[in-house]
Amino acid sequence: MPTYKAPVEDVLFLLNDVFHLERYNNLPGFADATPDVVQAILAEGAKLCEEVIAPLNRVGDQEGCRRAEDGSVRTPSGFKDAYRAYCEGGWMGISAPAEYGGQGLPTTLNTIMQEFVSSANLAFGMYPGLTQGAIAALYVHGSEEQKRTFLPKMIEGAWTGTMNLTEPHCGTDLGLLKTKAVPNGDGSYAITGTKIFISAGEHDLSENIIHLVLARIEGAPAGTKGISLFVVPKFLLDGEGRPGARNAVSCGALEHKMGIHGNATCVMNYDGAKGWLVGEANRGLNAMFVMMNEARLAVGVQGLAQGEVAYQNAVAYAKERLQGRSLTGPKSPDKPADPIIVHPDVRRTLLSIRAFTEAARALVLWTALRSDVAHRSEDEKERQAAEDHMGLLTPVVKGVLTDLGFDSAVKAQQMLGGHGYIEEWGMSQFVRDARITQIYEGANGIQAMDLVGRKLAKDGGRAVMAFFNEVGAFCQESGADEAMKPYVAPVSQALGHLQQATMWFMNNAMARPDNAGAGAYDYMHLFGLVAMGYMWARMAKAALARKANGGDAAMMDAKLITGRFFMERLLPETAAHLARISAGADAVMSLPAEAF
Ligand SMILES: Cc1cc2nc3c(=O)[nH]c(=O)nc-3n(C[C@H](O)[C@H](O)[C@H](O)COP(=O)(O)OP(=O)(O)OC[C@H]3O[C@@H](n4cnc5c(N)ncnc54)[C@H](O)[C@@H]3O)c2cc1C
């Protein structure tokens, strides 16, 4: 039976030593997040995840969700109680606006909790995760009345949320969307159509489900410019705002999936369901992007989370499994063999995962803090810089962290040999569950295209230039420090590769867009490596400082060694990415489709 321990110490190191949370105290909500409060919150969150949510991971995988004849859906045993505990702990609204009943604490704290929950039980975490995304979209684009009607109940967790984009014939290309909305004449619309793959579309955890649905108002233009966003409650509200009559929306079927069995993935039928427009007509994609961007970051966190929990279980096994002898002589001479953790290849594998997860966590927290600045700062310039950062980093966090998260789950599974392939050890579930993160919320190939096709050139390249400047300045500042050289020199070189790749696109992709398309995936990973390399350099600097102050030598040494491993073993891949990008699209595009 796999286990999970939330990485609270690592998070505290990042918040206190690397990112200096106290420097954000000018932002609303941060002054309340004193070091003691943060520590207490994380300890409480860790306890819930380790003791209540994680033990249900396997139950959820084995039982799955069940749909009854009447279209109702039952979640796996224990999910209801765990969800109640999550809501009673105030986790749904930890960062939600206080005016609607939230606690108004930094988004960063919610992001940390998202990692813990997703490691403990990815399928379970999607119920609150989607609700939080829907809260964000309604908060930004909903009318005052919609906010007053829906937000308090959603923030309390009594009502959950969903995101309805995908239809049988369209996922990536939402311009093809067919679900239609016809005005009822009373300010509401009748929504008709079929949505597929809707996570948490129907379940028994909450009193009501608030669907956010993309649809085309009758007569609206074709393509993405004619899409509007609607709020469609499962139960229509009575005069007192309580769930009353059933709306004409129902779950037609549950999908049978490779993983995340504990999450209900539904075909949703809208048969003239009553819905209300959110934001402006025909600007629905724009409104939905609030939810999609939140969700993309959250999915990146899911990738990291699966890598982390898989790593923890692989390490536990590697310390106990006795096979073979160390190449340098027995390490456990009293035993019939040494534990496999003595073998260089086992260590290489484990360190590859750890060097990724620790950098990924830093990247996630760095971005979450920027999200707090973007939403809470009163300084317009600061806000804009933070928004630039988020726009640029969102596809990187989503694409790279989920690819490497899945890769990490596979690597961790490998550490258990044949037992990794046997269900009862739980490693196979991590692999199966992690796989979806690369696909949903925009498949990773689409994230790469978003980065290269939209984000790089946006506002004359302002965001990417700011990123280059920040990493470059850090390298320059820290380069003279002898102890930092093993970290700074590789990051400088990798940054050079990223800049060359960016220049290559500027010179070669305008005239031939296929050059951008063919290099985009490599570029996304090259970007991710540089960003994670920068995170490692910052962590190394913080670790050296804490060590010099006499703090926690063992943990800091582990940081420094893992960081060196990243620099020597993972970061050099930037050269290969650059070579592939600058090879251009010729070989990729030359083969005629019929020759495949
Ligand atoms: C378990 C699960 C849960 C989900 N939850 C939700 C949910 O809650 N709400 C919701 O609305 N949807 C949800 N989805 C849908 C999911 O977001 C889509 O499946 C995903 O966005 C891809 O769309 P598609 O399946 O139609 O693939 P397609 O769009 O058909 O893409 C197929 C492949 O072609 C590639 N491709 C397509 N167009 C391009 C292009 N222009 N350039 C390069 N490559 C391209 C893609 O990268 C992909 O690899 C879920 C899906 C699953 C499986």
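What to note about this one:
- Relative protection proxy for 38-47, 408-417, from highest mean packing down: 408-417, 38-47 (other beta-carbon atoms within 10 angstrom).
- Other-chain or far-sequence residues with amide H under 5 Å of Gln103's (modelled H): Ile94, Ser95, Ala96
- Multiplying the residue separation of Arg148 and Ser326 by 0.36 nm and removing their Cα-Cα distance gives an extension gain of 57.6 nm.
- Scoring 166-172, 16-22 by mean Cβ neighbours within 10 Å over their residues and listing the highest first yields 16-22, 166-172.
- With Cα atoms, 0 to 90° folded angle of helix 79-88 axis to the chain main axis: 90
- Set of aspartates and glutamates near Lys80 by C-alpha distance (under 18 Å), chain-local residues within fewer than 8 positions excluded: Glu50, Glu51, Asp61, Glu63, Glu88, Glu156, Glu202, Asp204, Glu207
- Helix content alone sets the calculated 222 nm mean residue ellipticity of the chain: runs of n ≥ 4 DSSP H residues at -39500 (n - 2.57) each, divided across all residues, give -17500 deg cm²/dmol.
- Distant-in-sequence amide H partners of Ala253 (H built 1.01 Å from N, under 5 Å): Val267
- Placing unit charges on the Cβ atoms of the charged side chains and taking the dipole of the chain about its Cα centre, the candidate lying farthest along the positive direction among His343, Tyr189, Cys65 is His343.
- Cα gyration tensor shape for segment 165-214, rounded if a/c is under 1.5, else prolate or oblate: oblate
- Cα centroid of segment 545-572 to Cα centroid of segment 319-371, whole Å: 14
- Between 0 and 90°, nearest 10: helix 144-156 axis offset from the chain longest Cα axis: 50
- The charge dipole of segment 1-136, taken about its Cα centre with unit charges on the Cβ of Lys, Arg, Asp and Glu (plus for the first two, minus for the last two), comes to roughly 400 debye.
- Cα-based helix-to-principal-axis angle, 380-414 vs the chain, degrees rounded to 10: 70
- Ignoring aspartates and glutamates fewer than eight residues from Lys541 along the same chain, the ones with Cα atoms less than 16 angstrom from its Cα are Asp10, Asp17, Glu358, Glu470, Glu477, Asp481, Glu482, Asp552, Asp557.
- Stretch gain in nm, segment Thr3-Lys458, where the contour uses 0.36 nm per residue and the Cα spacing is subtracted: 159.4 nm
- What a 1.4 Å probe finds exposed on the chain is 54% carbon and sulfur by accessible area, rounded to a whole percent.
- Label point 7 Å beyond Cα of Asn26 along Cβ direction - residues of segment 374-413 with amide nitrogen under 16 Å: 374-387
- Estimated from the Cβ-Cβ distance and a Förster radius of 45 angstrom, the FRET efficiency linking Met465 and Glu240 is about 0.25.
- Model label points for Glu218 and Gln500, set 7 angstrom from Cα along the Cα-to-Cβ axis, are 6.1 nm apart.
- Note on segment 10-57: with charges restricted to the Cβ of Lys and Arg (+1) and Asp and Glu (-1), its dipole about the Cα centre is near 120 debye.
- Segment 1-109: C-alpha gyration tensor shape, a/c 1.5 cut-off, then a/b vs b/c: oblate
- Extending 7 Å from Cα along the Cβ direction at Asp173 and again at Met510 yields two label points whose distance is 2.8 nm.
- Candidate lysines for bridging to Lys335, where Cα separation is under 20 Å - those fewer than 8 sequence places away on the same chain excluded: Lys319
- Segment Gln476..Leu591, full-extension length gain: 36.9 nm, with 0.36 nm per residue of separation and the alpha-carbon distance subtracted.
- The residue among Asn282, Ile353, Gly223 whose Cα reaches farthest toward the positive pole of the charge dipole of the chain, with charges on the beta-carbon of Lys, Arg, Asp and Glu, is Ile353.
- On a per residue basis, segment 462-591 carries 45 Å² of accessible surface, using protein heavy atoms and a 1.4 Å probe.
- Protection proxy ranking of 190-202, 214-226, by the mean of other Cβ atoms within 10 Å over each peptide's residues and highest first, is 190-202, 214-226.
- For segment 172-252: rounded, prolate or oblate by the Cα gyration tensor [a/c cutoff 1.5]: oblate
- Near Ala273: Cβ cut-off under 12 Å, other residues only, Lys/Arg at +1 and Asp/Glu at -1. The net charge is +4.
- For segment 44-77, backbone nitrogen atoms closer than 13 Å to the point 7 Å from Asp204 Cα along Cα-to-C-beta are found at 64-77.
- Charge dipole magnitude, Cβ of K and R +1, D and E -1 - the chain, Cα centre, debye nearest 20: 880
- In nm, spacing of pseudo-spin labels at Gln414 and Ser72 (7 Å Cα→C-beta vector): 4.8
The values are calculated or read from the model by the stated rules, or taken from the named source; none is laboratory data. Keep in mind that this is a model prediction, so the values were computed, not measured. Glycine also receives a Cβ, built like all others from the backbone with ideal geometry; neighbour counts cover every protein chain displayed. All accessible areas refer to the heavy atoms of the entire protein, side chains included, with ligands and DNA or RNA removed. Shrake-Rupley method; radii C 1.70, N 1.55, O 1.52, S 1.80 Å.
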